[in-house]
Amino acid sequence: MADEAADGSLVFHPMDQFLLKPLKFLGFEDINWWTPTNATLWMLVAVLCVVALFVLGTKRRAVVPTRSQSVAELLYGFIYKMVEDVSGKDAVKFFPYIFTLFIFILLANMLALIPMSFSTTSQFAVTAVMALAVFLTVVIVGFVKNGVGFLKLFWLTSAPPVMRPILAVLEFILFFARPVSHSVRLFGAIMAGHAVVKVFAGFAQITAAAPLAIVGVTAIYGLELLVAGIQAYVFTILTCVYLKDALHPHH
């Protein structure tokens with residue numbers, strides 16, 4: 001947590017927890033584009049947790065559900081209703097993809113709260129790939145379903161005619177800014193929260209107000225549990241909103 005400086009004082013580095021490191025127990029010493037890292041490991045752990053919950057946990061389905069079955073059914077119903085309410089009934093066919101996004105982000109955020117773990121969603125590369133996948137899906141679905149009519153998304157018929165070209169340019173810019181905002185919102189919130197926890201934990205070691213710092217860590221940790229769920233929900237509901245634009249491109 002904290003290291004001893006040359007003058008004997010303790011220093012801590014709250015951003016070190018986000019550094020990518022090769023998996024040395026597999027024999028890797030340097031990071032290349034193909035090197036398994038701590039981020040790779042914890043993404044794999046998240047995937048295994050998804051399998052454990054939704055495959056193994058619901059293997060013996062019963063009328064009176066087990067705890068794992070209850071959790072799986074609750075999450076399933078929650079996201080299914082979200083997709084149907086936000087994007088419409090014709091978006092239900094995309095439910096498996098949206099549900100996978102939600103569960104992966106939720107479990108990755110939760111696993112990151114385990115001491116000595118790694119937060120995969122604090123990496124912009126991870127959230128950017130997911131956001132770009134959503135963006136490309138929306139564009140492809142929009143043109144496949146509507147053809148050139150998808151461009152109606154940028155033409156605000158409710159605005160005065162003289163303003164429509166200007167607003168169309170703005171809508172076009174905002175549309176292509178979606179992947180950036182979609183990814184930055186998730187990784188920024190997770191990174192900021194974990195950094196604050198690390199700072200308070202460092203204060204508990206290097207200040208005389210250790211009890212107060214510990215109380216602060218506990219409070220922020222509880223808040224991070226809430227943020228883990230909220231950020232998964234926000235990423236998912238924005239995906240539903242963007243998908244609705246692809247299926248119904250009109251204002």
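Since every read-out is calculated from the coordinates, none of them should be taken as a lab result. As the structure is a prediction and not an experimental result, all values here were calculated from the model. Because the Cβ atoms are built from the backbone with ideal geometry, glycine has one as well, and the counts that use them run over all protein chains shown.
Using the Kirkwood radius over C-alpha pairs as Rh, can you work out the diffusion coefficient of segment 146-231 via Stokes-Einstein at 20 °C, viscosity 1.002 mPa s, in µm² per second? Before the final figure, lay out each step's value.
Working: Rh = 16.6 Å.
After rounding, the answer is 129 µm²/s.
Determine, for 13, 194, 248, the number of other Cβ atoms within 10 Å of each Cβ, and report the residues in order from fewest to most.
Details: 13 12, 194 23, 248 17.
The most exposed by this proxy come first: 13, 248, 194.
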If we count every other residue with Cβ under 15 angstrom of residue 91's Cβ, Lys/Arg +1 and Asp/Glu -1, where does the sum land?
+1
Working from the pairwise distances between different alpha carbons, so that the mean of 1/r is found and then inverted, what is segment 1-123's Kirkwood radius in Å?
17.5
In segment 2-247, with Lys and Arg counted as +1 and Asp and Glu as -1 at Cβ, which of these residues, 166, 72, 129, has the Cα nearest the positive end of the dipole, that is, farthest along it?
72
What does segment 92-251 give for Rg and for Dmax, in Å, if only its C-alpha atoms count?
20.1, 66
Which of 49, 240 has the fewest other C-beta atoms within 10 Å, and how do the rest follow up to the most?
49, 240
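Let me have the 222 nm mean residue ellipticity of the chain computed from DSSP H runs of 4+ only, each contributing -39500 (n - 2.57), with the sum over all residues rounded to the nearest 500.
On the way: 7 runs with 155 residues, N = 251.
Value at 222 nm, helices only: -21500 deg cm²/dmol.
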So which lysines pass the test for residue 152, namely a Cα distance under 28 Å, with those fewer than 8 places away in the same chain ruled out?
81, 89, 93, 244
Can you sort 224, 29 so the residue with the fewest Cβ neighbours within 10 Å comes first?
29, 224
In degrees rounded to 10, the 0-90 angle between helix 210-247 Cα long axis and the longest Cα principal axis of the chain is 20
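Say R0 is 25 Å: what FRET efficiency, to the nearest 0.05, do residue 84 and residue 181 get from their beta-carbon distance? Walk me through the numbers on the way to the answer.
On the way: r = 25 Å, r/R0 = 0.99.
Efficiency for this residue pair is about 0.50.
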Theoretical gain in end-to-end length, residue 171 to residue 116 [0.36 nm per residue, Cα-Cα removed]:
15.5 nm
Contour minus end-to-end for residue 221 and residue 162, with contour as 0.36 nm per residue of separation and end-to-end as the Cα-Cα distance?
16.1 nm
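Gain in length, residue 143 to residue 24, computed as 0.36 nm per residue apart minus the alpha-carbon separation, to one decimal in nm? Before the final figure, lay out each step's value.
On the way: separation 119, 0.36 × 119 = 42.84 nm, distance 4.60 nm.
Once the chain is fully extended between residue 143 and residue 24, it gains 38.2 nm.
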